[in-house]
Amino acid sequence: MLAVRRLIFGDWQLKVMGLVIALGLWMYVHGEQGIQLTYNVPLELRNTPHTMQFSRQPPTTIEVHLEARREQLSKLVPGALRAVVDLTRVKSQRVELTLTPDHILRPDGVKVLSISPSQLVLEFEPIR
C-alpha cells in the first residue's frame, strides 16, 4: 500500500508541472489561428423586378477571403458558400450595393475577411 501511495504522490511537483506543460501545449495547438482561404463563390440575385431586366450583366461570381479553423475545412464544400443579394426593394434603374459578410451564406464559424468586388452596380432597363 505504501508503494502505491509513493507511486501516486511521490514527486508530485514534477507531475503537476508535466500536467501544466501538457495542458499548455494542448491549448496552443487547438487555439491556433484560423487558416485563411480565398474562394470564388456564385452570386445569386434573388427577386429581380418583374418589370425590368439587366441592361448590363452583373458578375456571376465574387471573390471571398475567409478564415476558418482546421476542423471546419471539411464543411467548405462546393455549394456551402454563396453570395445572396435580395433585390425585392429595387425601384430605380441603377442600384449601387455594398456587399457585406451578411450577404455570404457560409457554415457556422467561418469568418468573412473581405469581399471583392465589395461594391456592385446593377443597371436595369424596362422590359419591352
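Since every read-out is calculated from the coordinates, none of them should be taken as a lab result. A quick note: this is a predicted structure, and the numbers were derived from the prediction, not measured. Virtual Cβ from ideal backbone geometry, glycine too; neighbours counted across all protein chains shown.
Using Cα pairs under 8 angstrom and six or more residues apart, how large is the relative contact order of the chain, in percent? So the answer I get is 29 percent.
What list do you get for 52, 1 if you sort them by fewest beta carbons within 10 Å?
1, 52
Rounded, prolate or oblate: pick one for segment 69-124, where a ≥ b ≥ c are the square roots of the eigenvalues of its C-alpha gyration tensor, a/c under 1.5 means rounded, and failing that, prolate if a/b is larger than b/c, else oblate.
Values: a/c = 3.39, a/b = 2.56, b/c = 1.32.
Note, shape of segment 69-124 comes out prolate.
For Cα extents along the principal axes in Å, which listed value, (1) 52, 40, 23; (2) 96, 22, 22; (3) 45, 43, 33, comes from the coordinates shown? Label of the calculated value: (2).
Angle check, please: helix 12-30 long axis (alpha carbons) against the longest principal axis of the chain (alpha carbons), in degrees 0 to 90, nearest 10. Helix 12-30 and the main axis of the chain meet at about 10 degrees.
With n ≥ 4 as the cut-off for DSSP H runs, can you work out [θ] at 222 nm for the chain, using -39500 (n - 2.57) per run divided by the number of residues, rounded to the nearest 500? Walk me through the numbers on the way to the answer.
On the way: 2 runs with 27 residues, N = 128.
Rounded to the nearest 500, the figure is -6500 deg cm²/dmol.
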